[in-house]
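Any read-out appearing in this document is the output of simple, stated calculations on the displayed coordinates, not a laboratory observation. Worth saying up front: this structure is predicted, and the values here are computed from it rather than measured. With ideal geometry, Cβ positions are generated from the backbone for all residues, glycine too; neighbour counts draw on all protein chains shown.
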Amino acid sequence: MSNSFGFTDLMNKDEHKRKKTNTKNIPIEEIKENENNNYDLVDIEKLADSIDELGLLQPVLVKQRDKYSYELIAGHRRFNAIKKLISENRLPEDYEVLAKKVDEDEDELVTRLKLHETNLQTRSLLKMPEEEKIAIIDDYMDILDKAKKQGLQINGKPVKGKTRDLIAERFGISHYTAQKLIRKAKEQGGEEEGAKISPQKKTAKKPITQLKKIETQLEKLEFEGTEEEQEIKKKLIELLMK
C-alpha cells in the first residue's frame, strides 16, 4: 500500500534546519517531562551507568513553552537517567542537559508524532507490555484523527488513509493486529461503535496508564533496605494493582 505521505520522513523533513540550530545546555529544572509520553522508562539504571561513564552522547529534544520552561519531546529515558545520577550525587544538582530545540511554532500534532517516532526507533511495539501498547495506539489514533480533520500536511502531503492501515504501516504490524489493538483501545476508552467522544475524554490519561506509571516509579524508589520499608513498598504496589 502506498500512502500520501511517509511517517519516516517526519524526523528528516527539517533536519537541515535543525542542523543549523545550535544545541544548548539547559538547567535540568527548566525541563518538564511530556504528559503525552506513554512509553515505559526501561533500563534506566543501565543507561545511567553509561551516561556516567561516557557522558550524554545524544542531546534530548525539547520545545520551549516559556522563557525558562521547556517540554521534553524526545529523550525521556536519558532525562530520567540523568535525574537518577543527580539523586545519587554522581552528577551535580545544577547539571545542565544538552538539548536541541524544535521550532516553537511547530504544529502540536507534529510534535506529538515526533515523540512517537523517536521512541519507535529503539523499541518494537510488539515487545511492549499490553497496557503500554494500548495507550500508545490510543494516542496515535487521536493524533491521526485530529490530523485528518485539520488537514495537516507533512512534507506538503496530507495525512489520509484508513487508521488501521496507517497504524499497521507505522508500527510494522499486520492489519489484523492493528485492528485488534484499535478495538482494545476503544474499549478501554469506553467508546461505543459510532459514538462521539468528548475532547476531555480524548485527551485524558487512561487510569490504567496512570497506575502503570506510578507502579514503575515505586519500583525505582530506593529505601535503606529495612524490612519495614520494603513491606510498605510492597503494599503500595499491591494497592495500586487492585
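Here are some notes:
- Pairs from the list Lys114/Lys157; Lys24/Lys101; Lys127/Lys162 with a Cα-Cα gap above 19 Å: Lys127/Lys162.
- Cα shape, the stretch 120-183, gyration tensor, a/c 1.5 rule: prolate
- If R0 equals 41 Å, the separation of the Cβ atoms of Gln153 and Arg90 corresponds to a calculated FRET efficiency of about 0.35.
- Inter-site label distance for His175 and Asp145 at 7 Å from Cα along Cβ, in nm: 2.2 nm
- Taking a ≥ b ≥ c as the square roots of the eigenvalues of the Cα gyration tensor, the stretch 93-153 is classed as oblate, since a/c reaches at least 1.5 and a/b does not exceed b/c.
- Sorted peptide list for 96-104, 76-84, 110-118, criterion being average Cβ within 10 angstrom, highest first: 76-84, 110-118, 96-104
- Two-site FRET efficiency, Leu126 against Glu106, from Cβ-Cβ distance with R₀ of 30 Å, rounded to 0.05: 0.50
- For the pair the stretch 83-116 and the stretch 129-148, the centres of their Cα atoms are 22 angstrom apart.
- Label-point separation, Lys184 to Glu45 (7 Å along Cα→Cβ), nm: 2.8 nm
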